[in-house]
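Report on one structure; see the data block that follows.
Throughout, read-outs are computed from the coordinates displayed, never taken from laboratory work. Since the model is a prediction, treat every value here as computed from it, not as a measurement. Reconstructed Cβ throughout: ideal geometry from the backbone, glycine too, with neighbour counts over all protein chains shown.
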Amino acid sequence: MELGLAGRRALVTGAGKGIGRSTVQALHAAGAQVVAVSRTQADLDSLVRECPGINTVCVDLGDWEATEQALHGVGPVDLLVNNAAVAVLQPFLEITKEACDVSFDVNLRAVIQVSQIMAKSLIARGAPGAIVNVSSQASQRALANHGVYCSTKGAMDMLTKVMALELGPHKIRVNAVNPTVVMTPMGQANWSDPQKARAMLDRIPLGRFAEVGHVVDSILFLLSDRSGMITGSTLPVDGGFLAT
């Protein structure tokens, strides 16, 4: 299916690893002009070698002032993928202020800030656009030791709907993808215990975790005009987990 992404300009956060990195690679292969955002310069350097011609921004999205300054001059963007996230797993009775601060700063507040910057530019230009927020099945199901993470992703789902409501009149679509466990470095770190993984797999009708490509394909579809009548949705990429 031709998605018509060639020539569009896209910004991807959390672009250094995992889903974000693969999204940059797929957009680049589709002919899009990509701005890759990561807090790790070495990851951006290697990504440029793999995808010559992309632009990069190295910034910690948990820092509001630094993010504002870093993204101020990136130029017009048509498409945005809010993928950057952290997963600090703690039992509820042991949740710390630090875990709350870093998780909400990156997983939610940065989504608001980056989306504001991009949406204001689109509106000023009178241009249509599309935003995809990378959420999680954890936004809709309680998982042990995921109190803060589940909360940030639940908030992201509702933020997605409010953004779609308010930005729709400006021809800006906003959707979320909600993957199950994906075997990225973060996924491997949190789900490498076979007993823990088996308990999750037993709840997934298809009986397997997601591959990065499953999520990237969904992101690209929601960015494209092929999904031109879809906004405010949360798309499970979960093998049926949320259906059980």
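Taking only the Cα atoms of the stretch 99-244, the ratio Rg/Rh comes out at 0.99, with Rh defined as the Kirkwood radius.
Inter-part distance, the stretch 28-62 to the stretch 1-21, computed on C-alpha centroids, equals 10 Å.
For the chain, the residue among TRP64, PHE241, GLY18 whose Cα projects farthest onto the positive side of the dipole built from Cβ charges is PHE241. On a straight-distance basis, which lysines could pair with LYS171 in a cross-link, Cα separation under 20 angstrom, same-chain partners fewer than 8 positions away excluded? Answer for LYS171, where 20 Å is the Cα cut-off: LYS120, LYS161, listed by chain and number. Spacing of the modelled spin labels on LYS17 and LEU93, each 7 Å from Cα toward Cβ, amounts to 3.1 nm.
Springs between Cα atoms under 10 Å define the GNM used for the chain, and in it the highest mean-square fluctuation of LYS196, LYS171, LYS153 occurs at LYS196. Obtain the nm distance between the two label points defined at ASP60 and ALA42 by a simple spin-label model: each point lies 7 Å from its Cα along the Cα-to-C-beta direction. Spacing of the two 7 Å Cα→Cβ label points: 1.7 nm.
The Rg/Rh ratio for the stretch 44-117, using Cα coordinates for both the radius of gyration and the Kirkwood hydrodynamic radius, is 1.05.
With bins 10 Å wide beginning at 0, the percent of Cα pairs of the stretch 16-59 falling in each bin runs 32, 62, 5. Modelled label positions at GLU2 and LEU165, each set 7 Å beyond Cα in the direction of Cβ, lie 3.8 nm from each other. Pairs of Cα atoms in the stretch 4-141 fall into 5 Å distance bins, from 0 up to the last occupied one, in shares of 2, 10, 20, 22, 20, 13, 7, 4, 2, 0 percent. Listed by chain and number, the lysines whose C-alpha is less than 22 Å from the C-alpha of LYS196, apart from same-chain residues fewer than 8 away, are LYS153. Sorting the segments 65-71, 22-28 by their mean number of nearby beta carbons within 10 angstrom, highest to lowest, gives 22-28, 65-71. Summarised as an ellipsoid, the stretch 161-217 has semi-axes of 32, 12, 10 Å, derived from the eigenvalues of the Cα gyration tensor scaled by 5 and square-rooted, with the largest first.
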